Amino acid sequence: MSAPTTINIGLCGFGTVGQGVWKHLFANRTELEARLGVKLNLARAAVRDLKKARTVKIPASKITSDPLAIATDPAIHIVCELMGGTTLARKVTLAALRAGKIVVSANKALICEHGAEIFATAQKHGGHFFFEASVAGGIPIIKAVREGLVANRFPRIYGILNGTCNYILTQMEENDAPYATVLAEAKRLGYAEADESLDVDGWDTAHKASVLAWLAHGVWVKTDQMIVEGISRITPADFKNASVLGFGIKLLAVITRDFAKNELSVRVHPTLLPAGNVVANVSGVFNAISVKGDVVGTTFYSGRGAGQDATASAVISDLADAAALLRFGKGAHLNSEVTTDACRGCRLAPPESIRSRYYLRLTVKDQPGVLARVASIMAKHHVSIASVIQNPAERAGAASLVLTTHESNEREMGATLKQLTALASTLDEPVLLRIGDFND
Ligand code: NAP
Ligand code: HSE
């Protein structure tokens, strides 16, 4: 079959991201076509509600409410899955791949849950799956890890992977803004997932961490194999305490590989970062990723992590690779379906291997002996206290105890937390944050 000179693109999903892709592809089509040497035709788009008013207008004849019809349309070369969710999105993706098409996806939840099946289906049927927009919005981190840093093994990748959470944390820290108001604004700006708990409870970051871990280490780590903690229990008081101690607070994905023990750890949690750390200083909807390679050293990436334009930029970069692949049989996509056996029998790190310092905030009865009981529980689990701050709590007769520890591990801290929570003198569920001693 001869290579097409016009590439037909179908968009399954015409919401925030889909409309952005249409808008920018339309505006920059002439330059893109000149660069790529092919014509790009936005052929069809699928939505759920045909009557919904949309900012970006397209002819009614191009719109359908049946995304599977686009996935299986013989005239369509590239299917963009921009609907979200994991049920219909999986069906559409697999149908298009079975038809030997190229699928471009921004759907990290789908890749985390069904990545192995998706890549196997692509390989079996001669389709391809591109996913630059699935991690860190407009930052080309997939290309960076897969292509630019291909010479490296990756002892540590960490960073901010959720724009909504970073936007909320920044507004809380800088403007003391109420959580609910900032979340509503993040939704209005098109940053948040349709189900915002994916953002604020850390799941979206975990999906992205899973994709990055697979790229870097060739193993699928599911969210139930990770520590996943979100931002909803962080209060303005935590920012004040952290600042006194010389830290900022960010929701981080942390992927570490101990090559000597061959242990891999993938985790997501709010983290205290030293105020001078470059990631700690990335604000608003921006994402930031620090990638340490054993050959290159530490590299750093930052840019808008969510929103219509940033995400459209990443989707269009995949569309360009896909068009080059279709037209010339090559592209900058470098075996996206085939990971090397980068895992080499690695196992997930057990809790005692996951070590850090910790920040613990307890709301306790302001009575004699309470601090001694807290200290004794920590000592029993070999957790050494590094500092203590006592502040008045909002309620009468209570105190807020903020402790930091010397280095401990997840097993000892987990046991400590359980016992501290059960103490009669502990009034609220404790807040435990990890301290990220990352200096690059
Ligand atoms: P969105 O605004 O909610 O858009 C979803 C689109 O899919 C809408 O056009 C919707 O139709 C359509 N759709 C949903 N269910 C459908 C069904 N059963 N049949 C036909 N069409 C259906 O979502 P989004 O923010 O664009 O996100 C899309 C994907 O990109 C998600 O996987 C998300 O995680 C990912 N992503 C988003 C961002 C971002 O900043 N927003 C960034 C990176 C990645 P209607 O318009 O008729 O409702
Ligand atoms: N809801 C996601 C975020 C969209 O806020 O980062 C980008 O993946």
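The values are calculated or read from the model by the stated rules, or taken from the named source; none is laboratory data. Here the structure is a predicted model, which means the values were calculated and not measured. Every residue, glycine among them, receives a Cβ derived from its backbone with ideal geometry; neighbour counts consider all protein chains shown. Note: areas computed on protein heavy atoms with side chains; ligands, DNA, RNA excluded. Shrake-Rupley method; radii C 1.70, N 1.55, O 1.52, S 1.80 Å.
Report the semi-axes of the equivalent ellipsoid for segment 248-294 in whole Å, largest first, where each axis is √(5λ) for an eigenvalue λ of the Cα gyration tensor.
Working from the Cα gyration tensor, I get semi-axes of 23, 11, 10 Å.
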Self-check item: R153, R267, R90, reordered so the largest accessible area comes first (probe 1.4 Å)
Solution: R153, R90, R267
Quiz prompt | Long pairs among K91/K187; K222/K261; K101/K250; K23/K222, criterion Cα-Cα beyond 32 Å | solution = K101/K250; K23/K222
Quiz item: Just going by the charge dipole of segment 147-305, with Lys and Arg at +1 and Asp and Glu at -1 on Cβ, which of A213, F239, T164 is farthest out on the positive end?
Solution: A213
Exercise. Assign one of three labels to segment 63-174, namely rounded, prolate or oblate, based on the Cα gyration tensor with a ≥ b ≥ c the square roots of its eigenvalues; rounded applies when a/c is under 1.5, prolate when it is not and a/b is larger than b/c, and oblate otherwise.
Key: oblate
Quiz item: By how many degrees, 0 to 90 and rounded to 10, does the Cα axis of helix 236-245 deviate from the longest principal axis of the chain?
Solution: 70 degrees
Quiz item: Counting Lys and Arg as +1 and Asp and Glu as -1, each charge on the Cβ, what is the dipole of segment 147-305 about the Cα centre in debye, to the nearest 20?
Solution: 440 debye
Exercise. With viscosity set to 0.692 mPa s and temperature to 37 °C, compute the Stokes-Einstein D of segment 147-305, Rh being the Kirkwood radius across alpha carbon pairs; µm²/s, no decimals.
Key: 205 µm²/s
Quiz item: Just going by the charge dipole of segment 354-435, with Lys and Arg at +1 and Asp and Glu at -1 on Cβ, which of L371, L427, H406 is farthest out on the positive end?
Solution: H406
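Could you work out the relative contact order of the chain, using alpha carbon pairs under 8 angstrom and six or more residues apart, expressed as a whole percent? Walk me through the intermediate numbers first.
Details: 924 pairs, mean separation 71.4, N = 440.
For the chain, the relative contact order is 16 percent.
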Exercise. Go through L272, L417 and list them by solvent-accessible area, largest first, probe radius 1.4 Å.
Key: L417, L272
Quiz item: Distance in nm between label sites at T299 and A3, each 7 Å beyond Cα in the beta-carbon direction?
Solution: 2.6 nm
Exercise. Rank these by accessible area, largest first, 1.4 Å probe: K124, K51, K23.
Key: K51, K124, K23
Quiz item: Dipole of segment 39-81 (Lys/Arg Cβ +1, Asp/Glu Cβ -1, origin at the Cα centre): which of A53, L42, C80 lies farthest to the positive side?
Solution: A53
Quiz item: Given Cα pairs under 8 Å that are at least 6 residues apart, what percent is the relative contact order of segment 368-440?
Solution: 26 percent
Exercise. Using every Cα-Cα pair within segment 138-205, state what percent have a distance larger than 16 Å.
Key: 56 percent
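Using only alpha carbons, build the gyration tensor for the chain and give me the equivalent ellipsoid semi-axes, biggest first, whole Å. Present the calculation step by step, with values, prior to reporting the outcome.
Values: eigenvalues 384, 112, 61 Å².
Result for the chain: semi-axes of 44, 24, 18 Å.
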Quiz item: With all pairs of different alpha carbon atoms counted, what Kirkwood hydrodynamic radius in Å does segment 298-440 show?
Solution: 19.6 Å
Practice problem: Using a 1.4 Å probe over the heavy atoms of the protein chains, calculate the carbon and sulfur portion of the accessible area of the chain as a whole percent. | Solution: 53 percent
Quiz item: How long are the three semi-axes of the equivalent ellipsoid for segment 354-435, computed from the Cα gyration tensor as the root of 5 times each eigenvalue, in whole Å, largest first?
Solution: 21, 12, 11
Quiz item: What angle do you read, to the nearest 10 degrees and between 0 and 90, between the alpha-carbon axis of helix 370-380 and the longest principal axis of the chain?
Solution: 70 degrees
Quiz prompt | Cα centre as origin, Lys/Arg/Asp/Glu Cβ charges: the chain dipole, Debye | solution = 820 debye
Self-check item: segment 320-435, accessible area per residue, ligands and nucleic acids excluded (1.4 Å, Å²)
Solution: 50 Å²
